Amino acid sequence: MLYMPHHCLQVKNMKLKPEYIAQNIDGTQFLVSVAQDGFSGIIRSNPTAAFIVDLLKEPVTEEEIVEAMCTRYDADRETIAGDVARVLGILRRIGALEE
């Protein structure tokens, strides 16, 4: 697991772009782009990624996401920070974040 020291976390606000819609269907979250260009597809989120996406509906920092995850999940901070970084990396690659 990649260790992400506390001081390396992003401190700028980010949020999900409005052209990305998160919808829960039968307990599974799907993220869909309704934009005319860019990413075209559907992402099915596991519960951890869904929690992160839900937090990104409002402006939030990476540190705030890690803190919320530490409160919700029984895992060490290093593991959680790595998971958050991985999910944010995917969302950045598809252009889903406003930063």
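If we scan segment 40-59, do we find a residue that is part of a loop (DSSP other than H, G, I, E, B) and among the basic types (Lys, Arg)?
yes
Cβ-Cβ under 7 Å, sequence separation 6+ or interchain: first residue in segment 65-78 and farther than 13 Å from residue 48 by Cβ, partner part of a loop (DSSP other than H, G, I, E, B). Which pairs?
78/1; 78/3
Conditions (1) surrounded by 14 or more Cβ atoms within 10 Å (Cβ to Cβ); (2) more than 12 Å from the chain's Cα centre (by Cα), marked per residue:
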{"position": "38", "(1), (2)": "no, yes"}
{"position": "54", "(1), (2)": "yes, no"}
{"position": "62", "(1), (2)": "yes, no"}
{"position": "67", "(1), (2)": "yes, yes"}
{"position": "70", "(1), (2)": "yes, yes"}
{"position": "74", "(1), (2)": "no, yes"}
{"position": "86", "(1), (2)": "yes, no"}
{"position": "89", "(1), (2)": "no, no"}
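Can you list residue pairs whose Cβ atoms sit under 9 Å apart, with the first residue in segment 38-51 being within 15 Å of residue 66 (Cα to Cα) and the second being among the aliphatic types (A, V, I, L, M) and outside any helix (DSSP H, G or I)? Count only pairs 6 or more apart in sequence or on different chains.
Filtered contacts from segment 38-51: 49/31; 49/43; 50/22; 50/31.
Within the set of pairs 6+ apart or on separate chains, which have a first residue in segment 16-31 that is among the acidic types (Asp, Glu), a second that is part of a loop (DSSP other than H, G, I, E, B), and C-beta atoms under 6 Å apart?
19/34; 19/35
Within segment 23-67, track down each residue that is within 15 Å of residue 98 (Cα to Cα) and small (Gly, Ala, Ser).
Scanning segment 23-67 gives 33, 35, 38.
We did not get these values from a lab; they are worked out from the coordinates using the rules stated. Given the structure is predicted, the values throughout are model-derived calculations rather than measurements. Please note: Cβ atoms are built from the backbone with ideal geometry, for glycine as well, and neighbour counts cover all protein chains shown.
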